[in-house]
Amino acid sequence: MHRPSGHVADRRAFVNALATGLLLAPLAARAQAATRVARIGFLTPSSISPRGPMAETRQKLRDMGYVEGRDIQFEIRAANEDFERLPDLAADLVRSGVDLIIAVSSPAIRAAENATTTIPIVMLSGTDPVAGLFVASLEHPEGNVTGVTTYVPELAPKRLEVLRECLPGLRRVAILANLRNPSSAVEVKEMEGAARPMGLEILVVDARLPEQYPDAFASIAKGRARGLFVTADPVLSSNRERIVQLAARHRVPTMYEWKEIVEAGGLMSYGPSLSEVNGRVAGYVDRILKGAKPADLPVERPTKFELAVNLKTAAALGLTIPPALLARAGRVVK
């Protein structure tokens, strides 16, 4: 039998190897793409709370089918109430090569935006993102930033009206805020503006660190404020249990932004659902990981607002919630 020469055999082997390689290359590329783990940065000025935005967003992504370690991996950078650390933490996320950054609150969004113009940023903002220059407009963000804003100035007078309805003869309302956070400062101004035509006085109490909360509540008591509103700051929100306990100890009826705090023992809230807001953040992450560009994703605002009341807390404070107010509540904790 005639056997091919060594030269011909080598050439045939080369052709076969080349053909096999060409066939397998797309399969290998697809397998590599399928198994690639997307790295998601998470940047917050607060510490990480078991029921904060990080935990909620993580759970929503799990509900969507994402598995950590297989599909996604989180790189968490928490400033632990030290806002000055945010620029360095944002730069560290960029250096680590994350595919996307979730930034909670204006200081974190600004730090992330200053650190990168190419990595997509999903924001959770309490301020007007257009006025803050994070996006060009809600409909057309442009740039690499999009996400959710809870900025709804119309809520300020409604919250004061609910407090006044619950507390007849109300004259002075305290506001617990972290004025280092621009969104808290904006909320304070909105509440002050809404209070004037209602004949209400506002007592602003600035508490930037958890260790300042006991003194803050002492100031509220000394200032003879009969009602309290707590702004939606991530540091305040991550310490919600402590604030709820202090409000109960000082027997001050308190209004919060989120119904989830009422479910944890707060008296009342009027606003969107924190769980829904965080679910929207997860939705942006999902779309961007699937190829969408931030510039093509309009910024969303909550459209559903709900009154929540905790009757057990009201009873402990000696308050009787008016039936008309209870009838309007979408969530009543008994």
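The values are calculated or read from the model by the stated rules, or taken from the named source; none is laboratory data. Quick caveat, the model's predicted, so the values are computed rather than measured. Neighbour counts run over all protein chains shown; Cβ positions are idealised from the backbone, glycine included. Note: areas computed on protein heavy atoms with side chains; ligands, DNA, RNA excluded. Shrake-Rupley method; radii C 1.70, N 1.55, O 1.52, S 1.80 Å.
Summed over the range 253-282, residues that are part of a helix (DSSP H, G or I), touching a residue at least 60 places away in the same chain (Cβ under 8 Å) and not hydroxyl-bearing (Ser, Thr, Tyr) total 11.
The rows are residues; the columns are (1) closer than 21 Å to GLY291 by Cβ; (2) open to solvent by 60 Å² or more (accessible area, probe 1.4 Å).
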site: GLY41; (1), (2): yes, no
site: ARG58; (1), (2): no, yes
site: ARG77; (1), (2): no, no
site: ILE101; (1), (2): yes, no
site: VAL122; (1), (2): yes, no
site: LEU133; (1), (2): no, yes
site: HIS140; (1), (2): yes, yes
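A count restricted to the range 144-161 and to residues that are closer than 23 Å to PRO323 by Cα and either in contact with a helix residue (DSSP H, G or I) (Cβ under 7 Å, 6 or more places away or on another chain) or among the aromatic types (Phe, Trp, Tyr) (or both) stands at 3.
Scanning the range 183-233 for residues that are open to solvent by 30 Å² or more (accessible area, probe 1.4 Å) and hydroxyl-bearing (Ser, Thr, Tyr) returns a single hit, SER219.
Quick check on ASP71: is it surrounded by fewer than 18 Cβ atoms within 10 Å (Cβ to Cβ), modelled with pLDDT of 95 or more and closer than 21 Å to LEU289 by Cβ? Against the criterion (surrounded by fewer than 18 Cβ atoms within 10 Å (Cβ to Cβ), modelled with pLDDT of 95 or more and closer than 21 Å to LEU289 by Cβ), ASP71 qualifies.
Looking only at the range 34-76, residues that are under 19 Å from LEU86 (Cβ atoms) and of a type in the set (Phe, Trp, Tyr) come to 2 in all. Just to be sure before I move on: is VAL333 at negative phi, touching a residue at least 60 places away in the same chain (Cβ under 8 Å) and surrounded by fewer than 23 Cβ atoms within 10 Å (Cβ to Cβ) in the structure I sent? Considered against the rule, which asks whether it is at negative phi, touching a residue at least 60 places away in the same chain (Cβ under 8 Å) and surrounded by fewer than 23 Cβ atoms within 10 Å (Cβ to Cβ), VAL333 comes out as yes.
Consider LYS334 carefully, then state whether it is modelled with pLDDT under 95 and more than 24 Å from TYR151 (Cβ to Cβ). In short, yes. Here the strands (runs of 3 or more DSSP E) wholly within the range 128-213 that include at least 1 residues being within 22 Å of GLY271 (Cα to Cα) and hydroxyl-bearing (Ser, Thr, Tyr) are 145-149.
Residue count for the range 79-99 under the criterion of being in contact (Cβ under 8 Å) with a residue 40 or more places away in the chain, closer than 22 Å to ASN239 by Cα and open to solvent by less than 10 Å² (accessible area, probe 1.4 Å): the result is 1.
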